[in-house]
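Computed from the coordinates by the stated procedures, all read-outs in this text should not be read as laboratory data. Computed from a predicted structure; not experimentally measured. Every residue, glycine as well, gets a Cβ built from its backbone with ideal geometry; the counts of neighbours run over all protein chains shown.
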Amino acid sequence: MTEKVIFLADMESFYASVETAHNPSLRGKPVAVCGDPALRHGIILAASREAKAYGIKTGQPAWEARRMCPWVVFVHPHMQTYIDYSIRITTIFERFSDRVLPYSIDEQFLDLTGSQKIFGTPRETAELAIKQVWDETGIRCRIGMGENLLQAKMACDCFAKKSPEYFFEMNSVNYVSLVWPLPIGSLFGVGRRMERNLNRIGVRTVGHLASLPREMLRRRWGINGELLWLNANGIDYSTVDPEVIQEQKGVGHTATLPRDYRNQKEIELVLLEMTEEVCYRTRRHYKVGSTVHLYCKGADFDDPAGFSRQKKLPATTAKAVEVYPTVLQLFRRHWDRKPLRAVGISLTGLTTYRQLQIAFSCRYEQEEALVKAVDLVRERYGKTSLFRASSLNPGAQLFQRAGKIGGHDS
């Protein structure tokens, strides 16, 4: 059986690198990409290597980055530009393999199994790919190699990013010696909460987790526990297959509010706007949903508050007028009256619209025609071409977020 050769290519400080490539005057300067501090979106999304040298890192508030480096250059994010660069990089990788799978906007898997004779050894292939990405985009690329996707990911995150060659090779033979001594938080799939849970049972390293009985982890954390055991042992059965598109499980929208929201009417107004957005995106996928999920995050960092609840809808739908009453029920039942800094809504249990069994009412056809007409106008003339009058009230976010991608400028 042919040994698998899987690459994970990761773009260094992608957003900051794109800004520097797009604006050469920024080269050599400490660049940090962040939103608008005045709207509390001043969180560092990416920092150049020059900025990182001062200790600036992703997730920091802008004011803290400024304190660490008074001459840091803040750049607002341009999401459409990042998407364009990501697509260009995918096109470069497709010269090396017809099995390229974007994992995120700045990470891509490549399956090069059987193509070594075309481009040389895996190392030579990686060096060529890295060079072409740099020459054509000005973005530094790091590549981790493994016998499966998990090994490639660990090779890239834990070793290639620290290698002067921007490449690191991992396999089933050296996985134990390389990965098992690492802190448990380094393992793919282990977040901060799971790290704390594992620490409580004495698991400090990846090797500690790998040595635990698989069934014990499954009993304690279900399928997620078993998956972590597989990851700890370098086992991954997934494949790089861009032709396989997984069925979308839900449509959601989460937003950080520009200030702490305390007024109930203002919060409910934002929830209405978000419900409209989620339902509109669901209809664009020709889907309807059966369950709505509401997420609210408290404003106090020292005393985290908020909730995450879901409820079955009375009927499968993708109309805001039918989803919003359930959103209100969840919010009014679980909100503790403390200020909120972020809210999110998602619609799950998706079903293809054509499969929906409809209980016809005398007004059903008129309602459907109205929804389709509104969608058509918004698609042609923009989200703000037709809107609810309530979006003119204080606290509304429709106009501030219109035209943004992922909450940032396009």
ask   = For the range 8-81, which trypsin sites (Lys or Arg not before Pro) are both in a DSSP coil and crowded by at most 14 other Cβ atoms within 10 Å?
value = 27
message = Test of understanding: ordering 321, 292, 371, 100 by Cβ neighbours within 10 Å, fewest first, what list do you get?
response = 321, 371, 100, 292
ask   = Hey, rough spin-label estimate for residue 29 and residue 80, points 7 angstrom out along Cα→Cβ, what's it come to in nanometres?
value = 2.4 nm
request  = Could you list, in their original order, any pairs among 117/161; 265/372; 312/338; 153/297; 131/153 whose Cα atoms are separated by more than 23 Å?
outcome  = 117/161; 265/372; 312/338; 153/297
query = What is the calculated FRET efficiency for residue 95 to residue 204, with r their C-beta to C-beta distance and R₀ = 56 Å, to the nearest 0.05?
reply = 0.85
remark   = Net charge (Lys, Arg +1; Asp, Glu -1) of residues whose beta-carbon lies under 14 Å from that of residue 202, residue 202 excluded, is +3
ask   = Hey, fewest Cβ within 10 Å first, where do 307, 331 land in order?
value = 307, 331
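How big is the equivalent ellipsoid of the range 14-79 along its three axes, where each semi-axis is √(5λ) from the Cα gyration tensor, reported in whole Å from largest to smallest?
Equivalent ellipsoid of the range 14-79: 16, 14, 9 Å, largest first.
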key: Summed side-chain charge close to residue 264 - residues other than residue 264 whose Cβ falls under 11 Å, Lys, Arg +1, Asp, Glu -1   = +2
Inter-site label distance for residue 281 and residue 134 at 7 Å from Cα along Cβ, in nm = 3.7 nm
query = Among 261, 295, 82, which comes first, then next, by fewest other beta-carbon atoms within 10 Å?
reply = 295, 261, 82
task = Obtain the nm distance between the two label points defined at residue 22 and residue 235 by a simple spin-label model: each point lies 7 Å from its Cα along the Cα-to-C-beta direction.
result = 4.5 nm
ask   = Are there GluC sites (Glu not before Pro) in the range 38-98 that DSSP marks as loop and that have at most 16 other Cβ atoms within 10 Å, and which are they?
value = 94
